Amino acid sequence: MPEKNPATGGESTGLEKASRGAVERSGRDAGSPAPVKRSLLPAPAQGFGVTFGQMFKKVTTEQYPETPKVTKPRYHGRHVLNRHPDGLEKCVGCELCAWACPADAIYVEGGDNTEDARYSPGERYGAVYQINYLRCIFCGLCIEACPTRSLTMSNDFELADDDRQSLIYTKEQLMAPLLPGMEAPPHAMRLGDDEKAYYLRAPEQGSAAEPVTAERA
């Protein structure tokens, strides 16, 4: 049965019930023991004690940029488009990196290889490749999506600039430099007769899934 309000003769409202509950709780709290004080100092003095304690600790100062900062080996920095040992590009223009990018920072246009102009061992190559570092969040999802291990991330972190246009890196800026023994594409395949020779070793030389690390004889 609903409770009756003796003053009005009607049902008691929710506000009255809440007020009675608050009074009952306050009465119970009044009999509870006081919290234990852990310090003899007042609360403001305890707060300033943390501040004064930090003032006398040795400060770690990095002499940057005179002394470059050494990053961790797995640091996610500027992207690099890698090459095969003969100089051909590993990128096949599949655009999976652009699809995997959550910030929509990568733009790729694939092109078709020909026998007269071959840039990669596959049928296609990345004709246009751009990364907008104004959007990039360096999450590394693009390098996980790359099927040919073409796109990797370096330890280069000095990307600050005062020009927004210069922070959109093109393919020429992202390509890895030519090492000794490499030839600038386009050129014919040097490591084998088809694209499989660029990603798989012969069974007698090692695992079938092991990538080629040196040029074949």
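The values are calculated or read from the model by the stated rules, or taken from the named source; none is laboratory data. All figures in this text were calculated on a predicted structure; none of them were measured in a lab. Every residue, glycine among them, receives a Cβ derived from its backbone with ideal geometry; neighbour counts consider all protein chains shown. Ligands, DNA and RNA are excluded from the accessible area calculation, which covers all protein heavy atoms including side chains. Shrake-Rupley method; radii C 1.70, N 1.55, O 1.52, S 1.80 Å.
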**OP:** Counting only residues that are at pLDDT 90 or above and open to solvent by less than 90 Å² (accessible area, probe 1.4 Å), give me the helices (runs of 4 or more DSSP H) lying completely in region 10-104 with at least 2 of them.
**Re:** 96-100
Subject >> Unique residue being loosely packed, with under 11 Cβ neighbours inside 10 Å, out of contact with any Ser or Thr (no Cβ under 8 Å at 6 or more places or on another chain) and either at pLDDT below 95 or of a type in the set (Lys, Arg) (or both) when the list is 208, 197 >> reply: 208
Original post:
In this structure, does residue 108 turn out to be of a type outside the set (D, E, K, R) and open to solvent by less than 30 Å² (accessible area, probe 1.4 Å)?
Top reply: yes
Original post:
Can you tell me which residues in region 160-184 are of a type in the set (A, V, I, L, M) and closer than 21 Å to residue 137 by Cβ?
Top reply: 160, 167, 168, 174
Subject >> Close pairs from region 146-159: first at pLDDT 90 or above, partner among the hydroxyl-bearing types (Ser, Thr, Tyr) and not in a strand (DSSP E or B), Cβ under 6 Å, at least 6 apart >> reply: 155/71; 155/75; 159/133
Original post:
Do we find a residue being closer than 21 Å to residue 200 by Cβ, surrounded by fewer than 16 Cβ atoms within 10 Å (Cβ to Cβ) and touching a residue at least 60 places away in the same chain (Cβ under 8 Å) anywhere in region 126-145?
Top reply: no
Original post:
How many residues does region 99-136 contain that are within 30 Å of residue 160 (Cα to Cα) and of a type in the set (Ser, Thr, Tyr)?
Top reply: 4
Original post:
Is there a residue being crowded, with 16+ Cβ neighbours inside 10 Å, touching a His at 6+ places or on another chain (Cβ under 6 Å), hydrophobic (A, V, I, L, M, F, W, C) and outside any helix (DSSP H, G or I) anywhere in region 158-177?
Top reply: no
**OP:** Only residues in region 161-172 that are at pLDDT below 95 count as the first member; pair them with residues that are surrounded by fewer than 16 Cβ atoms within 10 Å (Cβ to Cβ) and hydrophobic (A, V, I, L, M, F, W, C), Cβ under 8 angstrom, at least 6 apart or cross-chain, and list the lot.
**Re:** 164/134
